[in-house]
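Since every read-out is calculated from the coordinates, none of them should be taken as a lab result. Nothing here was measured: the structure is a model prediction, and the numbers come from that model. Heads up, the Cβs are rebuilt from the backbone with ideal geometry, glycines too, and the neighbour counts pull from every protein chain shown.
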Amino acid sequence: MMDSETQKPQTGDAALPKAAAKPKGVLSMLGRLGLLGAASAATLLAIVLAIPDENDYARATLIKHDRLSSLPDKKIVLVGGSNLSYGMDSTLIERETGCPAVNMGLNGYFGVRYLMREVADDVKPGDIIVLAFEWDNFGKPIEGSGKDLYAIVKTNPAAFAYLTPKQIGEALAAVPFVAQSKLLRIGNQAARGELFARKDDNLMDKLNQIESAKSFAPTGDLIGHKGVAWTGVIEQGTKLHTTGIDPTVVPAIKAYAKAMEAKGVHVMVSYTPAMRHYYDANKTEIDSVHEALTTGPDAVKAPSPPSSYVYDPSLFFDTVYHLKAETRHVRAQKVADDLRTALSNAATCSKSN
């Protein structure tokens, strides 16, 4: 039984101040969660920035963009992935056409959209763009891989301008994966006793030496594999007969070619070198891409079919797309011949250029 001085529980309006205190607790909890999230993000970013990359391969994008922006008018810009970095002799292209060339190819899944977009602002009327994508690009999303795009923008922040909002989101979302990969790598190196003194006696270490900024010629060609005999497994390409062809890629290439031609820039589609067995296994899908590109009112210039770039295994290095340094000239000569076929006199430059 309560005495007269015992406080009765408050009801009605008198209880409001007590109820109003509840959201403050929620806000406080949300604030702490926000701080925890910010701290976690900062930690991940610190790991990504503090732990060195496995090699400096991504720096090659700076070398290539410096050349792209510094070349005089009337140049040849080779656009694609690692099939170009490993398998193009740009000096042969220059010798055959008289035009300065830059090889923009890099190893990584950046997606067709990024590869085309990154050169668009640096080409002028009269320039020539040669598009040559690995067949994987026709069986995967056009947006590329977040972790590979992050590697590029981390090295070259200006590359953010070449990304769509979706690509930017995927690149930033890849930070935790990149941080985890770096921690696993240094853990494995420590376990092998190679954290501070690497042995360079396994294939991955050799590949990291090949795929480094110092391995690129001034034209953008990768030449670090010259004289190297690859003894590892040959990496295979995407099984297009299983994945099918991404329906967005061919229209994107056609739209890009149309936009560049309207700007006065010539566009020619070439094709990646491919091992014979890979082409044979995916022939229906590969040939359908060529058919789609070269028909209709928006057809692009592609003077040679994919089969013209199919070679014996002895010409290849470590994948079904990468030529040996010593055999690059075979493909480069074919590209030079195709340029003359597709563009005639427009494929050459005067000596004064």
Please arrange Asp221, Asp287, Asp121 by how many other C-beta atoms lie within 10 Å of their C-beta, fewest to most.
Asp121, Asp287, Asp221
Ranking Tyr311, Tyr150, Tyr321 by Cβ neighbours within 10 Å, fewest first, what do you get?
Tyr311, Tyr150, Tyr321
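Of Lys214/Lys324; Lys75/Lys301; Lys75/Lys239; Lys74/Lys154; Lys64/Lys324; Lys74/Lys254, which pairs sit farther than 26 Å apart, going by alpha carbon to alpha carbon?
Numbers: Lys214/Lys324 18 Å; Lys75/Lys301 18 Å; Lys75/Lys239 35 Å; Lys74/Lys154 31 Å; Lys64/Lys324 21 Å; Lys74/Lys254 22 Å.
Too far apart for the 26 Å limit: Lys75/Lys239; Lys74/Lys154.
If neighbour count is taken as other Cβ atoms inside 10 Å, put Thr242, Thr272 in order from fewest to most.
On the way: Thr242 10, Thr272 27.
Fewest-to-most ranking of Thr242, Thr272: Thr242, Thr272.
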Rounded to whole Hz and in sequence order, give me ³J(HN,Hα) for segment 150-157 from the Karplus expression 6.51 cos²θ - 1.76 cosθ + 1.60, θ = phi - 60°, writing x for Gly and Pro.
4, 4, 6, 5, 5, 7, 10, x
Between segment 259-320 and segment 124-168, what's the alpha-carbon centroid distance in Å?
19 Å
Taking θ = phi - 60°, what integer Hz values does the Karplus form 6.51 cos²θ - 1.76 cosθ + 1.60 yield along segment 325-330, in sequence order, with x for Gly and Pro?
4, 6, 10, 4, 4, 4
